[in-house]
Amino acid sequence: CHRRLDNLEVSMPYFKAIVERFPDSEFRTDSAIRLGAALYKLGQQDSAREVLQTALKDGADEVLAEELSHLYAEVLVATNDWETLIDLSAKMETQFDGTTKAYLVPFRLGLAYKGISLYEKAIEQFDETKTMTGTIEAAQAQFNSGSIYFAQQKYKKAGNAFLKVETLYD
């Protein structure tokens, strides 16, 4: 109820209690996700990372493993931990291939490669994202490709990429 009312700080001790006091509970993964999400929203990225990383290492519930992995990946993006994100993405590519959120894997890989200055690989991943979805991430992928071209002083390619964002995505 507290989480639904956006009382995140009040809700956290309850989710933390399940994670810590009942590690074999069927609700452990769900509680770790909710605790990690609350910490993330409150800007406590390092704590969120620790909770989510531990939940993954301990073995996530099969039904919630993808949600947990995507939230962990989002925290890794927020903390610019590109190497860990690349490793996690490799696992997610095989484990969650073909799911409704599979397009997030190449999108975040693109961000990781961009973060470590592997621009051609980043553009490849952003292109793959655009073939998999028409969501906001596709627009962000297109924009990121444009920003890479702009940084490389390939202004015509950058302009075309930015125009595609303007034309294709609302």
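The values are calculated or read from the model by the stated rules, or taken from the named source; none is laboratory data. In this text, all values refer to a predicted model and were calculated from it rather than measured experimentally. When we count neighbours, we look across all protein chains shown, and the Cβ atoms used for this are built from the backbone with ideal geometry, even at glycine. Calculation scope for accessible area: heavy atoms of the full protein, side chains included, ligands and nucleic acids excluded. Shrake-Rupley method; radii C 1.70, N 1.55, O 1.52, S 1.80 Å.
Taking every pair of alpha-carbon atoms in the chain, give the share separated by more than 26 Å as a whole percent. Walk me through the intermediate numbers first.
Details: 5275 of 14365 pairs.
Everything past 26 Å amounts to 37 percent.
Please compute the per residue accessible area over the chain with all protein chains in place, 1.4 Å probe, rounded to a whole number of Å².
On the way: 9940 Å² over 170 residues.
Heavy-atom accessible area per residue stands at 58 Å².
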Net charge near V10: determine it from the other residues with C-beta under 15 Å of the C-beta of V10, scoring Lys and Arg +1 and Asp and Glu -1.
-> +3
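Could you list the square roots of 5 times each eigenvalue of the Cα gyration tensor of the range 41-116, that is, the equivalent ellipsoid semi-axes, sorted largest first and rounded to whole Å? Numbers along the way, then the final one.
Working: eigenvalues 60, 57, 20 Å².
Rounded to whole Å, the semi-axes are 17, 17, 10.
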Please name whichever of F126, A37, T54 sits farthest to the positive end of the charge dipole of the chain, dipole taken about the Cα centre and charges placed at Cβ: Lys and Arg +1, Asp and Glu -1.
-> F126
What translational D, rounded to a whole number of µm²/s, comes out for the range 72-170 from Stokes-Einstein when the hydrodynamic radius is the Kirkwood one over Cα pairs, at 4 °C and 1.567 mPa s?
-> 96 µm²/s
Enumerate lysine pairs in the chain that are 8 or more residues apart or on different chains, then count those whose Cα atoms are under 17 Å apart.
-> 15
Between K154, K57, K121, which gets the highest mean-square fluctuation from a Gaussian network model of the chain, Cα cutoff 10 Å?
-> K57
Calculate the all-directions average of the projected area of the range 6-57's alpha-carbon convex hull, and give it in nm².
-> 3.2 nm²
Top of E128, E66, E20 by mean-square fluctuation, Gaussian network on the chain, Cα under 10 Å = E20
Positive-end residue of L76, F150, I86, charge dipole of the range 53-170 with Cβ unit charges = F150
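About the Cα centre of the chain, how large is the charge dipole given +1 on each Lys and Arg Cβ and -1 on each Asp and Glu Cβ? Please answer in debye to the nearest 20. Provide the component values of the computation, followed by the final result.
Details: 19 positive and 26 negative charges, 123 e Å.
Dipole magnitude for the chain comes out near 600 debye.
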Formal net charge of residues neighbouring E124 (Cβ-Cβ distance under 13 Å; K, R +1; D, E -1) | 0
